[in-house]
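Enquirer: Would you mind keeping the following structure in view while I ask a few things?
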Amino acid sequence: MANSMLDSLTRKALFALDPEFAHTMAVTALKTGLVPGCRPKPHAALAVRLWDLDFPNPLGVAAGFDKNAEVPDALLRLGFGAAEVGTITPLAQPGNPKPRMFRLVDDEAVINRLGFNNKGHLAAQQSLAARKGRPGIIGINVGANKDSDDRTEDYVTGVKAFADYASYFTVNISSPNTPGLRDLQARDALDNLLGRVLDERNRQTERVGRTVPLLLKIAPDLDELGLDDVCAVALERGIDGMIVSNTTLDRPSHLHCQDQLKETGGLSGAPLFAKSTIALAKVRERVGPDLPLVGVGGVRDAGTALEKIRAGAHLVQLYTGWIYGGALMIPSMLKEMAAELQRSGATSLDDIRGETTRDWAVQPLSSKK
Ligand SMILES: Cc1cc2nc3c(=O)[nH]c(=O)nc-3n(C[C@H](O)[C@H](O)[C@H](O)COP(=O)(O)O)c2cc1C
C-alpha cells in the first residue's frame, strides 16, 4: 500500500517534468537505490526456459530504458524476468537534437526520435564488468553509429565487445531514428549482416565457452514481402530468435493527442499493440512453432502480456506501458497473469501459446516503411 502510494506520487512528479529529463531522473533514482526493490514471489506457471536460460517470468524490460547498462540489477529487483540494455553503439554519440521524446498521455503512448544516444561500448563494458558474476538475465542490444562507414562491422564489434557479459544479444536494425538503418532489413543486406555477426558470435563461443543466443529485432512497419524476406533469411542463417517489434512510423488518425502526432520519430505504447501483435503473429506463421519470439509493443497489463503469448510469443517486453503503469507495477502484473492462467486451466505459458496466432495473422499490416 505504502509502496503503491509512493509509486503514484513519484509518477505524478515525473510526469510534471520533461520526458527525457524524467527518464534521466528515473535512471538516477534506480542507480542510487532510491526506488525500493519489490522482487515478486515466483509463479511456477510463468517460468520460461529458453536457450539454456531460466527466465523466472516472461516480462522483460525492453531496450531503450537502460541505454548504457547502468541499472540492470535494479530493473531485475523490480520484478522483470530479464533486462535488455542498449542500444549500444561502438562510439559514444549524442543522438538527435532535443526535444526528442514526447508523451501522448491520453493515448498512453510516447513518440521518440532519440537516435541511439549512448555512451558507447567502453562505458557499458565497464558497467557490466562491475556486475559480472551476479545472477539475472541481461540482454545486450547492439547497434551502429550514425556516422559509421561500415554499419555491419559495428554490429560485429558489438558481439565481440559484449560476449563476456550477454545472456543474449539483440541485433537492432529497426530503429526509425537512424537514417537508413532499417534498410538493413532488406534481404541481401540482412543476409550479409547476419552472416558476419553469426560468424563473430561463433568465434566468441570458443572463447567464452558457451553460445550466446542472437536475436534480431524488427520493425512493425514491414509489409508482407518484407516479412517474408526477413523471416526467410532469419531461418536460413539460423538465428536464435526474433523480437517483434520496435516502434512504428504510423500515425493512427484516431488518437487523442493530435498535436504530438506531428512529431517525427517512433510511436510506442498502447496504439502500437495491435500492429505489433499482428506482425508478431505473421512472423510466427512464417517461422513455424519452434523459433523463440519476443512480443513487444503496447503491453501494459496482464491481459496484453498474455495476448502476446497467445499470439505466438515465448517472452514479452515492455517499456512505454511501464512508464504509464509505474515502476512497481510488475509484481501485480505477474500475479494477475498467473491467476488468469489458472482460471483458464493452463499450467504453463506453453499451454496458451499460439491460441490466437491465426486470428491476428489474418489481419492486414499497413505498408509504411
Ligand atoms: C524512449 C524510447 C527509447 C527507445 N530506445 C530503443 C533503443 O535504443 N533500442 C531498441 O531496440 N529499442 C528502443 N526502443 C523501443 C522499445 O524497446 C520497444 O521496442 C518499443 O517501445 C515498443 O514497446 P512499448 O510499446 O512497450 O514501448 C525505445 C523506445 C522508447 C519509448
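Enquirer: Which condition from (1) assigned to a helix (DSSP H, G or I); (2) touching a residue at least 60 places away in the same chain (Cβ under 8 Å) is the one that residue 346 breaks?
Expert: That leaves (1) as the condition not met.
Enquirer: Can you name every residue in segment 289-324 that is part of a helix (DSSP H, G or I) and either in contact with a Gly (Cβ under 9 Å, 6 or more places away or on another chain) or within 12 Å of residue 61 (Cβ to Cβ) (or both)? Please lay out each step first, then the result.
Expert: At the first step, the residues of segment 289-324 found to be part of a helix (DSSP H, G or I) are 302-310, 320-324.
Once the filter is applied, which keeps residues that are part of a helix (DSSP H, G or I) and either in contact with a Gly (Cβ under 9 Å, 6 or more places away or on another chain) or within 12 Å of residue 61 (Cβ to Cβ) (or both), segment 289-324 yields 304, 305, 307, 308, 309, 310, 320, 321, 322, 323, 324.
Enquirer: Filtering segment 61-103 down to residues that are modelled with pLDDT under 95 and of a type in the set (Lys, Arg), which residue is nearest to the ligand (Cβ to nearest atom)?
Expert: 103
Enquirer: What pairs can you find where one residue is in segment 8-19 and touching a residue at least 60 places away in the same chain (Cβ under 8 Å) and part of a helix (DSSP H, G or I), the other is among the small types (Gly, Ala, Ser) and within 16 Å of the ligand (Cβ to nearest atom), and their Cβ atoms are less than 9 Å apart, with a gap of 6+ or different chains?
Expert: 8/326; 10/26; 10/326; 10/327; 11/325; 11/326; 11/327; 15/22
Enquirer: I need a count of the residues in segment 252-288 that are farther than 21 Å from residue 307 by Cβ, more than 14 Å from the ligand (Cβ to nearest atom) and out of contact with any Pro (no Cβ under 9 Å at 6 or more places or on another chain).
Expert: So the count comes out to 6.
Enquirer: Since residue 183 meets every condition but one in (1) within 15 Å of the ligand (Cβ to nearest atom); (2) surrounded by fewer than 23 Cβ atoms within 10 Å (Cβ to Cβ); (3) of a type outside the set (Lys, Arg), which condition does it not meet?
Expert: For residue 183, the exception is condition (1).
Enquirer: Also: Within the bounds of segment 32-54, is there any residue that is at pLDDT below 95 and among the hydroxyl-bearing types (Ser, Thr, Tyr)?
Expert: Yes.
Enquirer: Provide a single number: the residues in segment 293-338 that are within 21 Å of residue 44 (Cα to Cα), modelled with pLDDT of 95 or more and polar (S, T, N, Q).
Expert: Final tally of qualifying residues: 2.
Enquirer: Shifting gears a bit: Could you please find all residues in segment 120-148 being away from the ligand (no atom under 11 Å from the Cβ) and under 16 Å from residue 178 (Cα atoms)?
Expert: 120, 144, 145, 146, 147, 148
Enquirer: Can you give me the ranges of the strands (runs of 3 or more DSSP E) entirely in segment 46-143 with at least 1 residues that are within 17 Å of the chain's Cα centre (by Cα) and closer than 26 Å to residue 292 by Cβ? Give the steps one after another, and end with the answer.
Expert: On the way: elements: 48-50, 53-55, 59-61, 82-88, 101-104, 109-112, 138-142.
Passing ranges, in order: 48-50, 53-55, 59-61, 82-88, 138-142.
The values are calculated or read from the model by the stated rules, or taken from the named source; none is laboratory data. Since this is a predicted model, take the numbers as computed values, not measurements. Cβ atoms come from the backbone with ideal geometry, glycine included; neighbour counts cover every protein chain shown.
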